[in-house]
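Visitor: Encoded as structure tokens, here's the structure I'll be asking about.
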Amino acid sequence: EYVGVDVVENPAAELLGPVEALPVEDASFDVVLCTQVLEHCDDPAQAVRELRRVTAPGGRVLCSTHGVQVYHPSPVDYWRWTHEGLRRLFEQNAAWSALTVEPAAGTASGLAMLLGTFVEIALRRTVLARPPVWLLNTAGAALDARSTTLRSPVPGSLIPNFHVVATA
């Protein structure tokens, strides 16, 4: 069963509310999926506490959020993360039996994503943008696949997205 939550009226979501105050009972879910939300919430620490509250013992929180990204208010855009910042956020705000924070892609993909975003904007999000954006993304992923350094969050890296797996 999937239960969607959104902060705005959304026909695809069953519940209305912010991530900092989810309108459900404690330990309601075995899996909590939180994708691309933390950068938009007012209080990320409270959001993590709330994700833990609604996760059943032994359950998991699967969370993704931006490392680098263009400004994109929806309705607001507050935060960008590093792997160390996310680890600290999750460790300091809830008790987890296990926690991993991994880059979803590497520096070449990050650069390709940012450049592709501007190509898409320059071509006014027309069908003309698709081939160069596809080529940029494909080349970025291929370069990341060939280099551990590009895939790793090392000094100077540009990680576009992080995945957090937290086990209650």
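The values are calculated or read from the model by the stated rules, or taken from the named source; none is laboratory data. Quantities reported herein were computed from a predicted structural model and do not represent experimental measurements. Positions of Cβ are backbone-derived with ideal geometry, glycine not excepted, and every protein chain shown enters the neighbour counts. Side chains included, ligands, DNA and RNA excluded: accessible areas come from the protein's heavy atoms. Shrake-Rupley method; radii C 1.70, N 1.55, O 1.52, S 1.80 Å.
Visitor: Per residue, how large is the accessible surface of the chain? Use a 1.4 angstrom probe and give square angstrom.
Guide: 58
Visitor: For region 27-157, state the average projected area of the convex hull of the C-alpha atoms over all orientations, rounded to one decimal in nm².
Guide: 9.3
Visitor: Moving to a separate point now. For region 93-164, take the convex hull of the Cα atoms, compute a quarter of its surface area, and give me that in nm², please.
Guide: With every direction weighted equally, the projected area is 6.5 nm².
Visitor: Run the lone-cysteine check on the chain: no other Cys C-beta under 4.7 Å from the residue's C-beta.
Guide: When partners are defined as cysteine Cβ atoms under 4.7 Å apart, the chain leaves C41 without one.
Visitor: Assign one of three labels to region 1-85, namely rounded, prolate or oblate, based on the Cα gyration tensor with a ≥ b ≥ c the square roots of its eigenvalues; rounded applies when a/c is under 1.5, prolate when it is not and a/b is larger than b/c, and oblate otherwise.
Guide: oblate
Visitor: Pull up all non-local amide H partners of H163: gap of 5 or more, or a different chain, and H-to-H distance under 5 Å with H placed in the peptide plane.
Guide: For H163, whose amide H was placed from the backbone, the distant partners under 5 Å are E102, A104.
Visitor: Among V70, A45, L89, which residue has its Cα furthest toward the positive end of the charge dipole of the chain, with +1 on Lys/Arg Cβ and -1 on Asp/Glu Cβ?
Guide: Result: V70, furthest along the dipole toward the positive end.
Visitor: Using the alpha-carbon atoms, what tilt in degrees (0 to 90, nearest 10) does helix 83-93 show relative to the longest principal axis of the chain?
Guide: Relative to the chain, helix 83-93 is tipped by roughly 10 degrees.
Visitor: Follow-up question, since we're still on this one. Could you work out the local net charge near Q46, counting Lys and Arg as +1, Asp and Glu as -1, over the other residues with Cβ closer than 12 Å to its Cβ?
Guide: So the environment of Q46 carries a net charge of -1.
Visitor: Given the C-alpha centroids of region 1-57 and region 142-161, what is the distance between them in whole angstrom?
Guide: With region 1-57 and region 142-161 each reduced to a Cα centre, they are spaced 30 Å.
Visitor: What accessible area, in Å² to the nearest ten, does a 1.4 Å probe give for Y78?
Guide: That residue has around 120 Å² of solvent-accessible surface.
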